[in-house]
Amino acid sequence: MPIWTVQGTDGGDEQVEAGLLATESGALVALSEDGLLTRAWAPGQWRTVRQVSGVGTRAPGRADDEDPVLVGLPRR
């Protein structure tokens, strides 16, 4: 299962193992491969998400310092 790094608004990083990450109304949720909720972040409590490892997570020749997969924008 892929491992993701989620950067919080405090600047700290948290790693979570999840088959899928999704956003809804600014919230971020991590789901297992079975579709079970494993972790959630409230709107405004996360900033970026990057995939760290797992089978087939990166195309050949892609650098580890590429842009984030997801970026959370502050609500207006």
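The values are calculated or read from the model by the stated rules, or taken from the named source; none is laboratory data. From a predicted model like this one, the values you see are computed outputs, not experimental measurements. All Cβ positions, even for glycine, are placed from backbone atoms using ideal geometry, and neighbour counts span all protein chains on display.
So is E14 assigned to a strand (DSSP E or B) and surrounded by fewer than 16 Cβ atoms within 10 Å (Cβ to Cβ) or not? Steps first, please.
Working: assigned to a strand (DSSP E or B): yes; surrounded by fewer than 16 Cβ atoms within 10 Å (Cβ to Cβ): yes.
Yes.
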Output for Cβ contacts, cut-off 7 Å, separation at least six or different chains, first residue on the phi > 0 side of the Ramachandran plot in segment 12-38, second surrounded by 11 or more Cβ atoms within 10 Å (Cβ to Cβ), reads S25/P43; G26/P43; G26/G44; G26/G72
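Name every residue in segment 1-15 that is closer than 15 Å to A42 by Cβ, within 10 Å of the chain's Cα centre (by Cα) and not charged (D, E, K, R), in order of residue number.
Looking only at segment 1-15, we keep the residues that are closer than 15 Å to A42 by Cβ, and these are 6-10, 14.
Now narrow it down to the ones that are within 10 Å of the chain's Cα centre (by Cα): 6-7, 14.
V6, Q7, listed by residue number.
Assess whether L31 counts as being farther than 15 Å from V71 by Cα and either under 12 Å from the mean Cα position of the chain (by Cα) or not polar (S, T, N, Q) (or both). Break it down into steps so the answer makes sense when it comes.
Values: farther than 15 Å from V71 by Cα: yes; either under 12 Å from the mean Cα position of the chain (by Cα) or not polar (S, T, N, Q) (or both): yes.
Yes, satisfied.
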**Prompt:** Being aliphatic (A, V, I, L, M), surrounded by 15 or more Cβ atoms within 10 Å (Cβ to Cβ) and modelled with pLDDT of 90 or more, is that true of even one residue in segment 32-39?
**Reply:** no
